[in-house]
Amino acid sequence: MVTMLKNYFKIAFKVFLRRKFFTFISLFAISFTLVVLMVAVSFLDHIFGKMSPENKQDRTLGVFSMQMKCPSGDCTMSASGGYRFFDRYARNLPGAEKMSLFTEQEKVYSYKNGDKIESYIKRTDGKFWEILEFNFLEGGPYTDDDDKNENYVAVINDTTRRKFFGNDSAVGKTIEVDAQHFRVVGVVADVPFLRQIPFADIWAPITTMKTRAYRDELIGSFMAIYQAHSAADFPAMKAEFQARLKQVEFPDPKHWNQMYGLIETNFEFFSRSLVHEFVTTRSDRIGPTLAITAIIIAIILFMLLPTINLININVSRIMERASEIGVRKAFGASSRVLIGQFMIENVLLTLIGGCIGFALSRIVLRLITESGWFPYAEFQLNYRIFVYGFLLAIFFGLISGVYPAWKMSRLHPVQALKG
Amino acid sequence: MREENFERDQSMMNQTSIAEATALPYKPPTTNAIELEEVEKVYRTAKIETVALTNVNLSVRDGEFISIMGPSGSGKSTLLNVIGLLDVPTGGKVIINGQRIASYSDKNLARVRNEQIGFIFQTFHLINDLSVVDNVEIPLLYRKNLSNSDRHKLALQALDRVGLHARVHHLPSQLSGGQQQRVAIARAIVGKPRILLADEPTGNLDSQMGDEIMDVLKGLNENEGTTIIMVTHDQRQSEKTERIVRLFDGRQVN
């Protein structure tokens, strides 16, 4: 068996070298497809995978968008949630251990020694630091008491620390941000831009917002996250949230009298956005399903192209090798043995393409990381993606080898010998 | 049923194991290496029916060297393919070394071809990407329980018998026509088959090379008792064989 395999490998390499252009096309198709898929998976992993500080994603839900409608239903106002809504109607959901409110990140500017520093600031309550597990490099977080007392304190990330203070410690020092002054109480490791829930450069208490108008808003710039005891609590939380929406008292019901929103996982929100379903009770079931289905279909279609290409190339290669197949059959190779040889050649080619694809994926991801297009992002191949990609390569090889191998096995030796 | 017939025939025939490939071939009870009874081969398409062979009755004794002659389209190659189990007759019986082949599966036919029959083709059919010794080893790849070194040793022995021991690592493209045909002969005999089937082995060679090849074949037949059936257009070469079978329009005429 080992001898046979060695011989198969030997012949496979000779076949690859015989038609260099076809081999190149095949390898290019396989490796390019794998690079695109690996990069896409890496992105998805980066956005949705388990990553600090979002270590409790499996039991965290959030409210990321809300909608109000007028009595006729013809007009809508869409935005994030309002502070008033969350504070008055959305606290203490059954099954929720903790709840945090925070704003979307806002771009702000600071000036230091004549240099303009651009940052993103996020206003949060104290529970934010309990639900999300940031990696504190210095100091610690502010608390709900800081928020209640309107203390102008801030947590900054490591990059912001370096921008303001170079290599020095930042805790206890003051930074000026958008004409406000904050005392730094903590420094955290940078959080990737694509992790939209925790991401910011500077975090400060909600009460440090420049105006107080947010307190009366049903729709505004706030989001909420809820940490449940476990995912088993999700259905009850979702049901209760829908019930709370119906309890909302509108200040001007002639203009707005209906409220819609969903409490959902980050991925559910993403997939709902993807299919443009918005804020109906139906969409929370359809959105994620459609998104996953769309992703799977996209992957399959994307794989189909090089697979079909490989099938065509392999079929034409078989016809070229008809004489060889005839000789082997004449000298005692059964159809099964020949199919085995051909499949091994195909899988080998796919594996080589897979290795090239992995190497290229690492290079591409490194380039994307270093490009700075996505602040603080670190795209890399992890072992899970490696294994999926490896299995994908094997699957490629088998799928693209089956039909040509079957066709080859049906070649009559006499016809094959005629070429 | 097929498997039972095959296994019964194999147990009658091959008392020596594959590992003893260097031993002389086993002599079956029958003295006929090949028997064809009322063999017929008809090719049918949607519109046309072509009778390639009809009512062929042929017996070839063990150790005999015969040639098959006839005009183009007379069925010579078809007959050789039927004998070599590369093609299945439409009717009649094919018996190879006492084994009735009709009921054999694809896998068992492959095994019979591998162990008992060697082929020599007019256009050599060497695999250009493989060296001479790798080409010769091909039949042995499909035998079980043969180590790398044994296989290589047998291939070198076969090449030695055809006078090509100095060319083992050459590629076919680096050899002359005569040398390539010798490699093909070495490949055909490496597994010590009882029967050699040669389809116009000198057809692509000049007369001197053709004579050399015939000498090799004669040597195999006389020294080792190999049964050889050769299809040829060359009257001069056919006269070097023991018997000539003539075909015309798919029928034997002698």
Fill in the blank from the handout: Looking across region A:266-297 at residues that are at pLDDT 60 or above and touching a Phe, Trp or Tyr at 6+ places or on another chain (Cβ under 6 Å), the single one that is nearest to A:Met223 (Cα to Cα) is A:Phe269
Exercise for the section: Answer yes or no: is there a residue in region B:236-246 that is in contact with a helix residue (DSSP H, G or I) (Cβ under 9 Å, 6 or more places away or on another chain), modelled with pLDDT under 90 and either within 21 Å of B:Val60 (Cα to Cα) or surrounded by fewer than 23 Cβ atoms within 10 Å (Cβ to Cβ) (or both). Expected result: no
Fill in the blank from the handout: Of the candidates A:Arg336, A:Arg384, the one satisfying the condition of being surrounded by fewer than 16 Cβ atoms within 10 Å (Cβ to Cβ) and within 14 Å of another protein chain (Cβ to nearest Cβ) is A:Arg336
Exercise for the section: State whether the residues of region A:403-411 include one that is at pLDDT 75 or above, more than 14 Å from chain B (Cβ to nearest Cβ), more than 30 Å from B:Val88 (Cα to Cα) and out of contact with any Phe, Trp or Tyr (no Cβ under 8 Å at 6 or more places or on another chain). Expected result: no
Exercise for the section: Run down A:Leu365, A:Leu348, A:Leu381, A:Leu360 and say which single residue is outside the structural domain of A:Ile202 (by TED's automatic domain parsing) and more than 27 Å from the chain's Cα centre (by Cα). Expected result: A:Leu348
Problem - Failed item in (1) of a type in the set (A, V, I, L, M, F, W, C); (2) at pLDDT below 85; (3) within 19 Å of the chain's Cα centre (by Cα), with B:Ile96 passing the rest - result: (2)
Problem - Listing of strands (runs of 3 or more DSSP E) fully contained in region A:170-240 that carry 2 or more residues being surrounded by fewer than 18 Cβ atoms within 10 Å (Cβ to Cβ) and not assigned by TED's automatic domain parsing to the domain that holds A:Pro375 - result: A:174-177, A:180-188
Exercise for the section: State whether the residues of region A:65-74 include one that is modelled with pLDDT under 90, under 18 Å from the mean Cα position of the chain (by Cα) and either surrounded by 15 or more Cβ atoms within 10 Å (Cβ to Cβ) or small (Gly, Ala, Ser) (or both). Expected result: no
Exercise for the section: Please verify whether region A:352-359 includes one or more residues that are over 30 Å from A:Asp201 (Cβ atoms), out of contact with any Lys or Arg (no Cβ under 9 Å at 6 or more places or on another chain) and free of Cβ contacts under 8 Å to residues at least 12 places away in the same chain. Expected result: yes
Fill in the blank from the handout: Wholly inside region B:112-196, helices (runs of 4 or more DSSP H) that include 3 or more residues that are more than 8 Å from chain A (Cβ to nearest Cβ), modelled with pLDDT of 90 or more and over 23 Å from B:Ser77 (Cβ atoms) are B:132-141, B:148-161
Practice task
Can you tell me which residue among A:Glu138, A:Glu118 is of a type outside the set (A, V, I, L, M) and under 28 Å from the mean Cα position of the chain (by Cα)?
Solution key: A:Glu118
Exercise for the section: Report whether or not A:Ala322 is at negative phi and without any contact (Cβ under 8 Å) to a residue 12 or more places away in the chain. Expected result: no
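The values are calculated or read from the model by the stated rules, or taken from the named source; none is laboratory data. All values reported here derive from a predicted model rather than from experimental measurement. Positions of Cβ are generated from backbone atoms using ideal geometry, with glycine treated the same way; all protein chains shown enter the neighbour counts.
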